[in-house]
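The values are calculated or read from the model by the stated rules, or taken from the named source; none is laboratory data. Owing to the predicted nature of the structure, the values given are computational and were not obtained by experimental measurement. Cβ sites come from the backbone with ideal geometry, for glycine too, and all protein chains shown count toward neighbours. Heads up: the accessible areas ignore ligands, DNA and RNA and are worked out on the full protein's heavy atoms, side chains in. Shrake-Rupley method; radii C 1.70, N 1.55, O 1.52, S 1.80 Å.
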Amino acid sequence: MKVLAIETSCDETSAAIVENGTKILSNVVASSVELHAKTGGVIPEIAAREQLKCMLPVLSEALQRANTNHAEIDTIAVTVGPGLIGSLLVGIETAKTLAYFWKKPIIPVNHLLAHIYANWLDDSGPTGPLNNWSVPEFPLLALVVSGGHTELVLLKNHGQIEWIGGTRDDAAGECFDKTARLLGLGYPGGPVIAAAASKYRPSETPSLSRLPRPMANEDNFDFSFSGLKTAVLREVQNLQKKEQLNHLAIGQLSFEIQEAISDVLVDKIIRAAKKYKVKSLLLAGGVSANSRLREKFGRQLITTEQKFHLFIPQPKLCTDNAAPIAACAFFNYHPVPWQEITVSPGLTINGEN
Ligand code: KG4
Ligand code: ZN
């Protein structure tokens, strides 16, 4: 079965064609991130206007690259939420129009759940010590770490989802984005903090105070990242007062931010995977593209007693793109009449509005 998927929940415009939920035939992504980098964050109005311009060219390129014409498409899938309302509507109205004129079934897809399905795509596969390619096995634990969400869920099967923890305030990606802004590093924060951290050499600068690991030792699976952001703000203000906020200090702070965020995530998630005795542990969402986080998960798994498979999509499939939308629709095949597809900007990972 060939699914044509459309994803426009934030600043990306993406269309993909995926066969049987695993094989990517094409996956085209256009981003307006350069426009948002100038303002330090996504301006919804600008994102939606760019998506209107890009949607049809992206769609046509996805069909061309997959060498597929519309008659060969079996189903249309589209992100309905969560996300920016104007952006979501660009994808939704396009998908409904295609479903109506091409007479295809259409499947509304939850963007957060779809991130997890990047792990079924055939150029992902398990990482770490157990390295034979396969699809994830149930029961599994999945961590979705994106710009607006940090959600930990247990999946007993496709469609059987139980939320077991999440952030009480800022998401992990939001913490990268906000602290990058405090450091004057631009947007999106994750990649720029990772780049600055990679240049940091511990011997070059006097140590700053260690950043907090919020809620790391609490006996639950919740997270909190706003205190970390405040601690970075205090460090930045101190350094500014002493006129020491130079590139060495920025490198060190970036390094510390990345360490603090990854420490909290790795510790708690490995603990949860052991508690729930899962067969697979899946990472998903933009923050899971972070090399240091991937490395720490891999290392922890070598030392941990319980051997579950760790799955992390390749970095370009972690951030927003349409291929996981198609995979999610294939494994959760519930078409609805196109008239019933509506935008759900506040959709939760459980499917609640
Ligand atoms: O999943 P995603 O592309 O979009 C949302 O659904 O939000 O995630 C975007 C988030 C941003 O906060 C961005 O800073 C973060 O993912 N991100 C990263 C990296 N690449 C993207 N965070 C850490 N390291 C990265 N390499
Ligand atoms: Zn996303």
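Numerical summary
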| item | result |
| --- | --- |
| Positive-end extreme of charge dipole, the chain - chosen from A48, G147, A322 (charges on Cβ) | G147 |
| For segment 1-158: relative contact order, % (alpha-carbon pairs under 8 angstrom, 6 or more apart) | 22 |
| Protection proxy ranking of 67-74, 41-48, 284-291 - average other beta-carbon atoms within 10 Å, highest first | 284-291, 41-48, 67-74 |
| For segment 270-282, Karplus couplings with θ = phi - 60° (6.51, -1.76, 1.60), whole Hz, Gly/Pro x | 5, 4, 5, 4, 5, 4, 8, 6, 7, 8, 9, 10, 10 |
| Global form of segment 65-194, assessed from the alpha-carbon gyration tensor, a/c cut-off 1.5 | oblate |
| Dipole magnitude of the chain about its Cα centre (Cβ charges: Lys, Arg +1; Asp, Glu -1), debye to nearest 20 | 620 |
| Cα-projected label distance for D122 with T303, points at 7 Å along beta-carbon direction, nm | 3.8 |
| The chain - percent relative contact order, Cα under 8 Å, separation 6 or more | 26 |
| Heavy atoms of E12: accessible area, 1.4 Å probe, square angstrom to 10 | 30 |
| Vicinal HN-Hα couplings computed from phi for segment 322-331 (Karplus, 6.51 cos²θ - 1.76 cosθ + 1.60; Hz; Gly/Pro x) | 7, 4, x, 5, 5, 4, 4, 5, 5, 7 |
| Cα gyration tensor category, rounded, prolate or oblate, for segment 238-332 with a/c compared to 1.5 | oblate |
| Accessible area (Å², per residue) of the chain, counting only protein heavy atoms and a probe of 1.4 Å | 43 |
| Built amide H within the under 5 Å cut-off of D170, gap 5+ | F225, S226 |
| Long-range amide H partners of G165 with built H, under 5 Å | L152 |
| Portion, in percent, of the accessible area of segment 1-132 that falls on carbon or sulfur, probe 1.4 Å | 55 |
| Dipole of segment 215-293, positive direction: furthest Cα of I261, F225, V278, with charges on the beta-carbon | V278 |
| Segment 179-192 - phi-based ³J(HN,Hα) in whole Hz, Karplus 6.51/-1.76/1.60, Gly and Pro as x | 6, 4, 5, 4, 8, x, 9, x, 9, x, x, x, x, 6 |
| Approximate spin-label separation S198-K277, in nm, with each point projected 7 Å along Cα-to-Cβ | 4.1 |
| Residue among G83, S60, N290 farthest towards the positive dipole end of the chain, charges placed on Cβ | N290 |
| Label-to-label distance, nm, for residues given as N238 and Q160 (7 Å Cα→Cβ offset) | 5.0 |
| Check: segment 176-315 dipole with +1 on Lys, Arg Cβ and -1 on Asp, Glu Cβ, in debye | 260 |
| Interchain or long-range residues, amide H under 5 Å from L25's placed H | I17, V18, E19 |
